[in-house]
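Reading through the structure tokens given below for one structure.
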Amino acid sequence: MKKILSVFGTILAMILIVLICFGAYNYVIDIEDEQNRVQDELTKEIDSNPLFSLENYPKVDASLATQPLTDAFIEDFTGTLPNEEELNYTNTHPGYVKLINGEVDLIVVTEPSDEEIKLAEEAGVELEIIPVVKEGFVFYVNENNPVKNLSLENIQNIYTGNIKNWKELGGNDKPIRAFQRPENSGSQTGMYSLVMKNKKIMEAPKEDLIDTMFEIINLVSNYDNGENAIGYSYYYYATTMFNDMDKDIADRIKLLAVDGVEPNDETIKNDTYPLQTAYYIVINKNEEEGSNTRKLVDAMLSPRGQSVAKEAGYVPVK
């Protein structure tokens, strides 16, 4: 009798396990179906018809790292993309100057430097600064450098000159060559606000003050003198954009984890990467409601605009 009850109990337990598994499977499927339904609804809501003509599209400027983003917006919102001469992009600081002087209606750039804020104040212009895509501020070294992670304090100590040799950070016994960018470049402004904060950055030797992000990545990737170097940039430029420009060079640099968190799409999207920032839409705050410039801002932040940003390789804010 006991044997029969034991067999019966085993069979009952197996039936219960099967039912539970079946229920859990159906629950997961239901969630996935609902997520797919919501995504389908969102997709249906995104209108692909042109929102502007090239003639009434606001005058736009952009930093180097956001030019692919502004290109994508123009092409999607008008149905065509002008040639480079018509776009007439400059870069971060010239873009701010042109916006302040009223030469363009909107710029897509990094945050303003203290000097750019002062220029706006002197001109009586109040800047309206709106995040459009998420971004991470990243540090990179040569692929042969054994160091993979630095704390924020380590980085600050490198750039204040308190740490001078990689062996202090678990690397090779080599002096650290810490590249910097010029004042008012987007990455130097990010270096001050996101990394150094109230700490004074050391004065860079002339040969270590590099005009462009491209040049720094090229130098750090070099086998001859790049193994002891460190540079900084924005995540999109150092990965997607630079990879498109020169994959061989891009493959010879290594992005460093900061405080143990590697920079990637997921850690930037979920805000776990510590050096979080954004690219911003910047307009004159006195821009009239209902103007084409305001309509363009709304379009960039809409589901359609954020989908365009994602397709272009950026991390949406929404």
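Taking residue 174 as the anchor, which aspartates and glutamates have their alpha carbon closer than 16 Å to its alpha carbon, excluding any fewer than eight residues away along the same chain? Hits, sequence-local ones excluded: 143, 224, 227. Based on C-alpha pairs under 8 angstrom that are at least 6 apart in sequence, segment 203-255 has a relative contact order of 34 percent. Largest first, the three principal axis extents of the alpha carbons in segment 200-261 are 32, 28, 20 Å in whole numbers.
About its Cα centre, the chain has a charge dipole of approximately 1660 debye under the convention of +1 per Lys or Arg Cβ and -1 per Asp or Glu Cβ, with nothing else charged.
Of the trypsin sites (Lys or Arg not before Pro) found in segment 161-199, those that fall in a DSSP loop while having at most 15 other beta-carbon atoms within 10 Å are 164, 197, 199. Contact order for the chain, expressed relative to its length and based on alpha carbon pairs under 8 Å spaced 6+ residues apart, stands at 25 percent. For residue 199, the lysines whose Cα falls under 17 Å of its own Cα, not counting residues fewer than eight places away in the same chain, are 164. By the Cα gyration tensor, the chain has an equivalent ellipsoid whose semi-axes, rounded to whole angstrom, run 42, 33, 17 from largest to smallest. With contacts taken as Cα pairs under 8 Å at a separation of at least 6 residues, segment 90-183 carries a relative contact order of 16 percent. Please name which of 165, 79, 94 has its Cα lying farthest along the dipole of the chain towards the positive end, using unit charges on Cβ (Lys, Arg +1; Asp, Glu -1) and the Cα centre as origin. Comparing the listed Cα positions along the dipole, 165 ranks first.
Values in this text are rule-based calculations from the coordinates and carry no lab data. Keep in mind that what you see is a predicted model, and the values were worked out from it rather than measured. Methodologically, a virtual Cβ is constructed for each residue, glycine included, from the backbone with ideal geometry; neighbour enumeration extends over all protein chains shown.
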